[in-house]
Amino acid sequence: MKIYGITGGTGGGKSLGASRLVEHGFPTIDADRVGHELIAPGGAAEDVVRRRFGEAVVTDGRIDRKKLGALVFSDPGALRRLNALVWPMLYEVVRRRCARLADEGHKAVVVDAAILGEDGTLPPWVDGVILVTASPEARAARLVASRRLTQEQAEARIAAQTPDAVKRPLARWVIENDGEEAAFLAAVDAVAEEIRAEVG
């Protein structure tokens, strides 16, 4: 089985692209959702994150993702510390789920993960990456519209993330998402056909 990643900054359209790939029949693992599971009550990363960031990120006895997000996206050092705690666990969960899908007979799986390529490298088990890019202005507008962030909060989140330029050399496919949604989805469709031809 081959493992493909789809990545890109928040507000860029990565999740829409991943949803389109699901429509093409490719099983998809949402790494963001795995991350949520890891810090949920009883999750593997819950205790270490609470110890590292304290009660400031806790509401009613559980990690509050909004509080945690507000903290780490306003402090690049805090974001790096969070990633260092959670990423190794997240990658292991994703690797195991990919192995299970392979055992079920799937020829390809897509990992929807903003963290892919954040450090300028890729895990050795990734066979190809789709990078979804968009201008900071377009990304901020989408975040304000879809997540009820202020313009300042949206810009801070974008600024805290790894620039697309770091990930471009790692990507087999780069899809721009500054125009019409139909054009973006058509570009995703073209990549899906390439993947289907590759895996047989």
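For the range 165-183, the set of residues classified as closer than 12 Å to residue 122 by Cα and surrounded by 17 or more Cβ atoms within 10 Å (Cβ to Cβ) consists of 167, 170, 171, listed by residue number. For first residues located in the range 173-196 and within 18 Å of residue 3 (Cβ to Cβ), partners that are modelled with pLDDT of 95 or more and part of a helix (DSSP H, G or I) and lie 6+ apart or on another chain with Cβ distances below 7 Å form the pairs 173/191; 188/17; 188/20; 188/21; 192/21. Remark: pairs (first residue in the range 1-21, closer than 16 Å to residue 128 by Cβ; second residue part of a strand (DSSP E or B) and of a type in the set (D, E, K, R); Cβ separation under 6 Å; 6+ apart in sequence or on different chains) = 6/112; 18/112.
Within the range 134-152, residues that are closer than 18 Å to residue 71 by Cα and exposed (fewer than 11 other Cβ atoms within 10 Å of the Cβ) have Cβ atoms under 7 Å from residues that are modelled with pLDDT of 95 or more and not aliphatic (A, V, I, L, M) in no pair, counting only partners at least 6 apart in sequence or on another chain.
Listed here are the residues, each with its yes/no results for (1) over 23 Å from residue 22 (Cα atoms); (2) touching a Gly at 6+ places or on another chain (Cβ under 7 Å); (3) assigned to a loop (DSSP other than H, G, I, E, B).
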{"site": "152", "(1), (2), (3)": "yes, no, no"}
{"site": "155", "(1), (2), (3)": "yes, no, no"}
{"site": "166", "(1), (2), (3)": "yes, yes, no"}
{"site": "178", "(1), (2), (3)": "no, no, yes"}
{"site": "185", "(1), (2), (3)": "no, no, no"}
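Listed here are the helices (runs of 4 or more DSSP H) enclosed by the range 33-106 that have at least 3 residues being out of contact with any strand residue (DSSP E or B) (no Cβ under 7 Å at 6 or more places or on another chain), among the basic types (Lys, Arg) and surrounded by 15 or more Cβ atoms within 10 Å (Cβ to Cβ), and there are none. Tallying residues that are in contact with a helix residue (DSSP H, G or I) (Cβ under 8 Å, 6 or more places away or on another chain) and of a type in the set (Asp, Glu) within the range 38-72 yields 2.
I want to confirm something. Restricting to the range 23-32 and keeping residues that are in contact (Cβ under 8 Å) with a residue 40 or more places away in the chain and assigned to a helix (DSSP H, G or I), which single residue is surrounded by the most Cβ atoms within 10 Å (Cβ to Cβ)? Among them, the one singled out is 31.
The values are calculated or read from the model by the stated rules, or taken from the named source; none is laboratory data. What you see is a predicted model; the values in this text were computed from it and never measured. Backbone-built Cβ (ideal geometry, glycine too); neighbour counts: all protein chains shown.
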